[in-house]
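Colleague: Here you go, one structure.
Bear in mind that the values in this text are calculations on the coordinates, not laboratory data. Because the structure is a prediction, the values reported are computed rather than measured. All Cβ positions, even for glycine, are placed from backbone atoms using ideal geometry, and neighbour counts span all protein chains on display.
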Amino acid sequence: MSLDSPTHAAVDPSPKPGIAPFRFQPQPEVLEGAAFSRSFQAITGLIVLGSAYWLLRLWQQGKFGGDTGMAGLKAAGWFLVAWALLAWTAWHVLQSRVRMDAQGIHQTWIWDKHMAFDDLAFAKLIRVRGLEWLMAPRLYVRTLVGKFAVFYVTDTAVLAECERLSAELKAFRQM
């Protein structure tokens, strides 16, 4: 059978209509700020230091196998691993930054997050007004294929752009 036979349908080279990509340009072009508030960072640091002090006191009192030497430290191994994970997470809370630019929204975190604006299907800013000093507002975003991410946002300029992003995306997708 040849390709010229009438049983073979011709392939239409014209593009098919689909869902239009969302376009968003932050104002200014690049915004960056802290993901977590200073008070939350301070509370996190106090928890890490307090738990380190508590573990040290327990070790000094011989609560890990009755030994204050290396055998006691070995007995406290799982507690030390848990504290190390706590400290590692706290380090990321202290260092985490959120950034909006022409490519999308990014956050440095334990695993860095990125979401391109043109892929977005939904965005919602979740916050508890009056408690932003403790609980960072969160920008929940979902793509057209269902992938989602949550970005923590404390910086007021980035927060205002997240509100604008959410409103513009909602209006764009309702068209």
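Colleague: Considering only segment 145-165, state which residues are in a loop (DSSP other than H, G, I, E, B), under 14 Å from the mean Cα position of the chain (by Cα) and under 15 Å from D118 (Cα atoms).
Modeller: Correct list: K147 only.
Colleague: A follow-up question, please. Considering only residues that are surrounded by 15 or more Cβ atoms within 10 Å (Cβ to Cβ) and aromatic (F, W, Y), which ones fall in segment 123-158?
Modeller: F151, Y152
Colleague: Picking from R142, R173, which residue would you name as being under 13 Å from the mean Cα position of the chain (by Cα) and of a type in the set (D, E, K, R)?
Modeller: R142
Colleague: Here is a follow-up. What's the number of the condition L165 fails, among (1) over 14 Å from A35 (Cβ atoms); (2) without any contact (Cβ under 8 Å) to a residue 60 or more places away in the chain?
Modeller: (2)
Colleague: Within segment 97-131, can you find the residues that are touching a His at 6+ places or on another chain (Cβ under 9 Å) and either assigned to a strand (DSSP E or B) or of a type in the set (F, W, Y) (or both)?
Modeller: Listed by number, the residues that qualify are R97, V98, R99, M100, G104, I105, H106, Q107, W109, K113, H114, M115.
Colleague: Which ones in segment 90-119 are touching a Ser or Thr at 6+ places or on another chain (Cβ under 6 Å) and closer than 22 Å to K170 by Cβ? Please lay out each step first, then the result.
Modeller: Taking segment 90-119 first, the residues touching a Ser or Thr at 6+ places or on another chain (Cβ under 6 Å) are 90, 93, 96-97, 108-109, 119.
Correct list: D119 only.
Colleague: Which residues, counting only those in segment 43-82, are surrounded by 12 or more Cβ atoms within 10 Å (Cβ to Cβ) and of a type in the set (G, A, S)?
Modeller: If the condition is that a residue be surrounded by 12 or more Cβ atoms within 10 Å (Cβ to Cβ) and of a type in the set (G, A, S), then G45, S51, A52, G62, G65, A71, G72, A75, A76, A82 are the ones that fit.
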